[in-house]
1. Please go through segment 117-224 and write out the trypsin sites (Lys or Arg not before Pro) that DSSP classes as loop and that have at most 13 other C-beta atoms within 10 Å.
2. Using Stokes-Einstein with the Kirkwood hydrodynamic radius over Cα pairs, what translational diffusion coefficient do you get for segment 86-132 at 37 °C and a viscosity of 0.692 mPa s, in µm²/s rounded to a whole number?
3. When a footprinting reagent is the concern and you count Cβ atoms within 10 Å, what order do Thr62, Thr306 take, fewest first?
4. If R0 is 51 Å, what FRET efficiency do you get for Glu316 and Thr413 from their C-beta distance, rounded to 0.05?
5. For the chain, what is the calculated [θ] at 222 nm in deg cm²/dmol (nearest 500), taking -39500 (n - 2.57) for each run of four or more DSSP H residues and dividing by its residue count?
6. Select from Arg423, Arg91, Arg345 the residue whose mean-square fluctuation is largest in a Gaussian network model of the chain (Cα-Cα springs shorter than 10 Å).
7. Any idea what log10 I(q)/I(0) is at q = 0.09, 0.10, 0.23 Å⁻¹ for segment 125-251, Debye with uniform C-alpha scatterers and no solvent?
8. Can you list the lysines whose alpha carbon sits under 27 Å from that of Lys328, skipping same-chain ones fewer than 8 residues off?
Amino acid sequence: MFRSVFGTAIGRFLFGTFILLAIVSATVYFIVTPLLSGGCINDLAQCLTQSGWDAGAAEFLTIVLGVMGVATFPLLVTILLIWVERKFAARIQDRVGPNRVGPFGLIQPLADVVKLLGKEDLTPAGADKLVFNTAPVVMVMSVLLIWAVVPFTPYHVGVDLEIGALYFVAVASIGTLSVIMASWASNNKYALLGAFRVVAQLISYEIPLAMALLIPVMLAGSMSMVGIVEAQAGMWFMFVSPIAAFMFFISSQAETGRAPFDLIEAESELVAGFNIEYSGMKFAMFFAGEFMHVFTNGVLMAIMFTGGWWGPFAYEAPLLAVFYLLGKAFFWYLLSLLMRNALPRVRIDQLMAINWKFLVPISIVNLLMTALLLRLIQEGGLSPENASSFVDNIPQTLILLAGNVVLFGIVMTLLRGRARGERMTDMVVREDVELAPATGD
């Protein structure tokens, strides 16, 4: 029976995942934890100062290590995520996926990097070389800058900006600029069409994204990422406003240009889209930025709506808080992968109709409804006295959740009526076509 289970592809995949988690856990327990014991994990600068370092040098070294860690971690995670995404897509599409290079194909991403490094770096003769070569760097930079405000633990965050949510919206828009730079500088009509679609798609979907982002800001009373996470000590915002979580997830999926919203690189229409003229590592940097952006969206969903690093013993064991954050982010990441591989690509008119006729109106109504209910809750004295208490958050949560349920019911009723009207119109047209030969028309 043991051989029959692990002889299957899914059995080998699960066994490999278990081995990988066991190696990571052992490394953290036996190597990382002893090195970071004694309080240095919480305040490295103070630890170095107490050991004889100059205070300025200790602070500078802490900043440098923090910047290197924040910038390196997403890049290293991307290497593993490429393997995870290819394996996940293979399971959905009844394939095997990478299984040749290394155990369970784990070294396949490294082999791909070596292959891309060996490819010729081409630049079109009519391209704007400066802008053409800068665009891939801007794409990766736009994602890495988001991680600067991500709170990994109660003690570890790149920078706790008071306008962290606004910073995220501003920095995420730089990715759109990099796509426009790449397509315009390529001097290629197919790439330019990809840029036009970027303007229509990504900028449009920023509206419901920003509207949904305002809900956690109002609930927390702060635009700081740290403040938003701490405000969810008693109740996750996903249970308070599930419609906002849905809007944020769908809009962020469209912002990354992933299926079913991948019209900016629709290969059946635009050859390869905005990056058609790129090769080698420049081409790889665009996709590295995309892979990082998808996982970053999962991290942001975890921070905004599922409590971020909050969990049992998060303050006592900061490394455990990191696993809480990454575990929640991985859940949303897998959900986006399922969405990408299970749904077909929508047309450009359907894409814009979903945004302007569905997401934007609902996000505006949801924002106004949440603001009104919060005001009524404050006037009625039902606001939680202790935000970290689950019991104190129940009245506010039930009222806001009831508002979301009512809004969901209204939206479903309107959609049902519209769908029924369209079906009746189709039936009338069909009957007219069938009766036309009989009447001689």
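None of the figures in this text is laboratory data; all of them are computed from the coordinates on show. In this text the structure is predicted, and so the values were computed from the model without any measurement. As a convention, Cβ positions derive from the backbone with ideal geometry for all residues, glycine included, and neighbour counts pool all protein chains shown.
1. Listed in order of number, the matching sites are Lys119.
2. 247 µm²/s
3. Fewest-to-most ranking of Thr62, Thr306: Thr62, Thr306.
4. E(calc), rounded to 0.05, equals 0.55.
5. So the calculated ellipticity at 222 nm is -23500 deg cm²/dmol.
6. Between Arg423, Arg91, Arg345, it is Arg423 that shows the largest mean-square fluctuation.
7. -0.34, -0.41, -1.30
8. The qualifying lysines are Lys87.
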